[in-house]
2 protein chains.
Amino acid sequence: MPTMIDPEQDIVTLVNIFTVAPANRQELVDALEVATAEVMRHRQGFVSANFHVSLDGTRVINYAQWRSEADFQAMLADPTAREHMVSASALAVADPTLCRVVSVHGT
Amino acid sequence: MPTMIDPEQDIVTLVNIFTVAPANRQELVDALEVATAEVMRHRQGFVSANFHVSLDGTRVINYAQWRSEADFQAMLADPTAREHMVSASALAVADPTLCRVVSVHGT
């Protein structure tokens, strides 16, 4: 399902860049997809998670949208969600940024 | 205009994280928006640029979509585009990743 980026919404966006060894890359993508399907998408305020792999294969990026910062923080405090985040962090180095859309320029 | 993330398309995505001093943040956002309006959106293969500011104010993130890697590389080689990129790099430290969407999970 396509995901829309729209500055009119009060959504918060998590851009999480994982630096990963090639041998762990597919396992990391699989772990993130399982965590999303089993846990994240059932948390209040989840909007989307969008996984990307860098062309050079060294990074996996999650562009995730949450309805509000409060919903995102509640997810972070959830023990089951934390368990999945610990699993992902064993496979790669995460560099998360929580942000908001300020403008969108399209064709 | 909203921007869609869709794994069915052959789009390449640039996720560029700028680490910026608070005093330069708005100037950087303005410079990126001018570069997009005046140059990038007129280059072949431009799909969208989506600017975000981190909640802590230390990062600006561009999530940009290009129709193909060849179109993106042609833009990088364009002297006018390079001039704008040099201006942005004087204001912040850029950490770009070129990637492709592998999966999308939405509500």
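Checking the structure you have, find out if any residue of the range B:20-28 is more than 9 Å from chain A (Cβ to nearest Cβ), closer than 18 Å to residue B:73 by Cβ, surrounded by 18 or more Cβ atoms within 10 Å (Cβ to Cβ) and modelled with pLDDT of 95 or more. No, the conditions are met nowhere in the range B:20-28. Would you confirm, using the coordinates I've provided, whether residue A:92 is in contact with a Phe, Trp or Tyr (Cβ under 7 Å, 6 or more places away or on another chain) and among the small types (Gly, Ala, Ser)? Answer is yes for this residue. When the range B:54-90 is filtered for residues that are within 19 Å of residue A:104 (Cβ to Cβ) and open to solvent by 30 Å² or more (accessible area, probe 1.4 Å), the ones remaining, listed by number, are B:55, B:59, B:67, B:84. Total residues in the range A:31-45 satisfying the condition of being over 13 Å from the mean Cα position of the chain (by Cα) and part of a helix (DSSP H, G or I): the figure is 2. The set of residues in the range A:60-107 being among the aliphatic types (A, V, I, L, M), over 18 Å from residue A:35 (Cβ atoms) and in a helix (DSSP H, G or I) consists of A:70 alone. Pairing each residue of the range B:11-23 that is closer than 19 Å to residue A:98 by Cβ with any residue that is among the polar types (S, T, N, Q) and modelled with pLDDT under 95, provided the two are 6+ apart or on different chains, yields C-beta distances under 9 Å for B:18/B:89.
Here are A:102, A:93: which of them is within 11 Å of chain B (Cβ to nearest Cβ), of a type outside the set (Gly, Ala, Ser) and surrounded by fewer than 20 Cβ atoms within 10 Å (Cβ to Cβ)? The match here is A:102.
The values are calculated or read from the model by the stated rules, or taken from the named source; none is laboratory data. Just so you know, these numbers come straight off a predicted model, no measurement behind them. With ideal geometry, Cβ positions are generated from the backbone for all residues, glycine too; neighbour counts draw on all protein chains shown. Accessible surface is based on the protein model in full, side chains and every heavy atom, while ligands, DNA and RNA are left aside. Shrake-Rupley method; radii C 1.70, N 1.55, O 1.52, S 1.80 Å.
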